[in-house]
Amino acid sequence: MARLDSFHHYNDGRGKRRVYVNGNEIERVIWCDTSIGVAVFCPYPLHFDPRREQVYTRRLRGTVTVEKMS
């Protein structure tokens, strides 16, 4: 089971952070979980998916690390 402090959400109140997947910085991350190695982000330019009525997102898997921005 994933630990609660390993889950990061863009609006969780813990401040701005940088998210890296396999050493590459990923921007526009919606949520990520460092313990299971998953990050969900919106690629640029943003695309709206009319079938699901939401913004198109991508899921990356690998070694996810998060560092707090000062």
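The values are calculated or read from the model by the stated rules, or taken from the named source; none is laboratory data. This structure is a prediction, so every number in the text was calculated from the model and none was measured. Heads up, the Cβs are rebuilt from the backbone with ideal geometry, glycines too, and the neighbour counts pull from every protein chain shown.
Data overview
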read-out	value
Some residue of the range 1-17 being touching a Phe, Trp or Tyr at 6+ places or on another chain (Cβ under 9 Å) and at positive phi	no
Test result for TYR10, of a type in the set (Phe, Trp, Tyr) and either at pLDDT 95 or above or in contact with a Lys or Arg (Cβ under 6 Å, 6 or more places away or on another chain) (or both)	no
Pairs, first on the phi > 0 side of the Ramachandran plot in the range 58-70, second of a type outside the set (Asp, Glu), C-beta under 8 Å, six or more apart	GLY62/VAL21; GLY62/ASN22; GLY62/GLY37
Boolean, ARG28 is of a type in the set (Lys, Arg) and under 16 Å from LYS68 (Cβ atoms)	no
Complete set of residues in the range 36-54 that are part of a loop (DSSP other than H, G, I, E, B) and either out of contact with any Lys or Arg (no Cβ under 6 Å at 6 or more places or on another chain) or of a type in the set (D, E, K, R) (or both)	ILE36, TYR44, PRO45, LEU46, HIS47, PRO50, ARG51, ARG52, GLU53
Conditions (1) in contact with a Leu (Cβ under 7 Å, 6 or more places away or on another chain); (2) in contact (Cβ under 8 Å) with a residue 24 or more places away in the chain: number failed by ILE36	(1)
The range 41-67, residues that are within 16 Å of TYR10 (Cα to Cα), aliphatic (A, V, I, L, M) and exposed (fewer than 15 other Cβ atoms within 10 Å of the Cβ)	VAL55
Pairs where the first residue, in the range 8-27, is aromatic (Phe, Trp, Tyr) and the second is surrounded by 10 or more Cβ atoms within 10 Å (Cβ to Cβ) and part of a loop (DSSP other than H, G, I, E, B), C-beta under 9 Å, 6+ apart	TYR10/ARG28; TYR20/THR63
